[in-house]
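A.B. asks: My structure is below; once you've seen it, I'll send some questions.
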Amino acid sequence: MKKKLIVLFLLAIVKVEAQTSTFAVSDSLFAKGRYKLALKELDKKEPSFLSNYKKAVIYESIDNYKKAALYLEKAIEFKDDEKANLKLAKNYRASGLSKKAIPIYEKLLVEASLNLVLKYQLGKMYVVNRRPKEAISTFKYLVKNDTNNANYSYYLGLAYALNGQRDPMINSFIATYKKDTTHLKAIKRLANSFLKLNDKDSTQLFVNKGLALNRNDIDLNKIKINQLYKDKKYLKAIPLLKNLDTIDKKETYSKAMLGRVFYYLDSLEQAKKIFSKLSFIDREDYKSNTYLGHIYFKQEEYNKAMMNYMIATNKGKEKRDEEYYGLARVFYNTKKPKQALRFFEEAYKENPSNYRALYQLATMSDDYYKDKKIAYRHYNKYYERFHKKDEGMTNFVRNRINEIKKAYFMKGETLK
């Protein structure tokens, strides 16, 4: 009996030593970066918690998060280990499966309810997976327990944003900024929030604060440039646009805006050069051809203007009233009123809010047709919809409506 026990004991020692030897070899190979051989060594071992865990560590080190998660799942089948669970949650997140990480954090928090790190990770997963109510509850708790942590306030703001609560969202981002004046993400959120509220001063305040931290931030640069463009401060926009163009040469925004700035500064040759290049770089950007049409129109090169407007109308998928309007002006200037009428009408059909197109359609119809009923209909439509748009146009329209009415009344006809 004693001999049998000794034999069993010796076999157990041999088995443990064999296991240790297997892991020592695989660990040594992995430490030298020879992970493929390390995995082969582990494959020789009978599956266990440790063998699967070590495989997961290797796959995680080479960013193969799906394989790492697979072996962690297998490891947990042998032993429900806290460290392995945390690593599994991390690999789920890294492989884009953050939804699967949520129940792991929730389970771990049952036994560690005061663990703020776990709560923070869980709260972020709620935000990522668009579960705002749980996220709000989690981050409220975290803010209460650590009033100085800016990230807690920031994620609370994101949770409020998901829940459609604008004011609490902004207040949370402001709280984030007060706790950490270098929190660029919160500053950008505040800049965008105030931009949507049309609060120009607050928008610019946070844009400038953000750019002071990172002058090359693309989003903040765009907000500032767009505002300068809107305010017609074209010269101030140029250095920002040139800098932005060096940051991301593949992005066409800076080139397109630079072309527009030069156009409105009447630097037509510079604008032409930019838009000509853009029309080849981005085949879907029909606005480059639109501006080339505008430039050639100004230079009285009507054939080139017409060609670019035509290209723009063919390329464009959105409202192309500006392009049709441009074509109409070309035909008007080249003494082709019938074609001009056609394209003013096309411009208005394309965008029924384009009051200038309707006005031109009405006045040209008035000049072109002997029958003033056509113009009268257009004038009435203009007055009904756009009488508040332009005082000069409206006065002219009102006078023509009265004059046409009077002329037909004298003929014994009543116009409706």
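A.B. asks: Could you give the length gained by full extension between K185 and K32, i.e. 0.36 nm per residue of separation minus their alpha carbon distance, to one decimal place?
C.D. replies: Working: separation 153, 0.36 × 153 = 55.08 nm, distance 3.93 nm.
Contour length minus the Cα-Cα distance gives 51.1 nm.
A.B. asks: As an exercise, take the mean of 1/r over every pair of distinct alpha carbons in the chain, invert it, and state the Kirkwood radius in angstroms.
C.D. replies: Details: mean 1/r = 0.0353 Å⁻¹.
28.4 Å is the Kirkwood radius here.
A.B. asks: Relative to the present Cα-Cα distance, how much length would full extension add between K381 and I62 at 0.36 nm per residue of separation? Before the final figure, lay out the partial values.
C.D. replies: Details: separation 319, 0.36 × 319 = 114.84 nm, distance 6.80 nm.
Roughly 108.0 nm would be gained on extension.
A.B. asks: In deg cm²/dmol and to the nearest 500, what is the mean residue ellipticity at 222 nm of the chain if only DSSP H runs of at least 4 residues count, each as -39500 (n - 2.57), divided by the residue total?
C.D. replies: On the way: 23 runs with 329 residues, N = 416.
Only helices count here, giving -25500 deg cm²/dmol.
A.B. asks: Of the listed peptides 365-372, 152-159, 392-399, 186-193, what is their order by residue-averaged count of other C-beta atoms within 10 Å, with the highest listed first?
C.D. replies: Values: 365-372: 13.1, 152-159: 25.4, 392-399: 14.9, 186-193: 23.0.
Ranking the peptides 365-372, 152-159, 392-399, 186-193 by packing returns 152-159, 186-193, 392-399, 365-372.
A.B. asks: While we're on this one: What nm distance separates the two modelled labels at K319 and D219, each placed 7 Å from Cα along Cα→Cβ?
C.D. replies: Going by the 7 Å Cα→Cβ label model, 2.7 nm.
A.B. asks: Only helices at least 15 Å long along their axis, Cα-based, and averaging 1.6 or more on Kyte-Doolittle count here, so list those DSSP H runs from the chain. Provide the component values of the computation, followed by the final result.
C.D. replies: Working: long enough: 2-31 (43 Å, 1.02); 49-61 (18 Å, -0.15); 65-78 (20 Å, -0.07); 82-94 (18 Å, -1.15); 98-111 (21 Å, 0.01); 116-128 (18 Å, 0.89); 132-145 (19 Å, -0.43); 150-162 (19 Å, 0.53); 166-179 (20 Å, -0.59); 184-196 (18 Å, 0.14); 200-213 (20 Å, 0.00); 218-230 (18 Å, -0.45); 234-247 (20 Å, 0.54); 253-264 (17 Å, 0.08); 268-281 (19 Å, 0.26); 286-298 (19 Å, -0.71); 302-315 (19 Å, -0.56); 321-333 (18 Å, -0.78); 337-350 (19 Å, -1.16); 355-368 (19 Å, -0.52); 373-386 (19 Å, -1.65); 391-410 (29 Å, -0.61).
Long hydrophobic helices here: none detected.
A.B. asks: Over the Cα atoms of the stretch 333-415, how large are the radius of gyration and the largest Cα-Cα distance (Dmax), in Å?
C.D. replies: 12.8, 38
A.B. asks: Taking the Cβ of each residue in D231, D27 as the centre, tally the other Cβ atoms inside 10 Å and list the residues starting with the fewest.
C.D. replies: Working: D231 11, D27 15.
Ascending Cβ contact count within 10 Å gives the list D231, D27.
A.B. asks: For N208 and K250, compute 0.36 nm times the residue count separating them, minus their Cα-Cα distance, and round to one decimal in nm.
C.D. replies: Numbers: separation 42, 0.36 × 42 = 15.12 nm, distance 2.51 nm.
Full extension of this stretch gives 12.6 nm more.
A.B. asks: Quickly work out the N303-to-R356 label distance, labels modelled 7 Å from Cα along the C-beta direction, and quote it in nm with one decimal.
C.D. replies: Inter-label distance under the simple model: 2.7 nm.
Read-outs throughout are calculated quantities, based only on the coordinates presented, and are distinct from any laboratory measurement. This structure is a prediction, so every number in the text was calculated from the model and none was measured. FYI the Cβ positions are ideal-geometry reconstructions off the backbone, even for glycines, and counts take in every protein chain you see.
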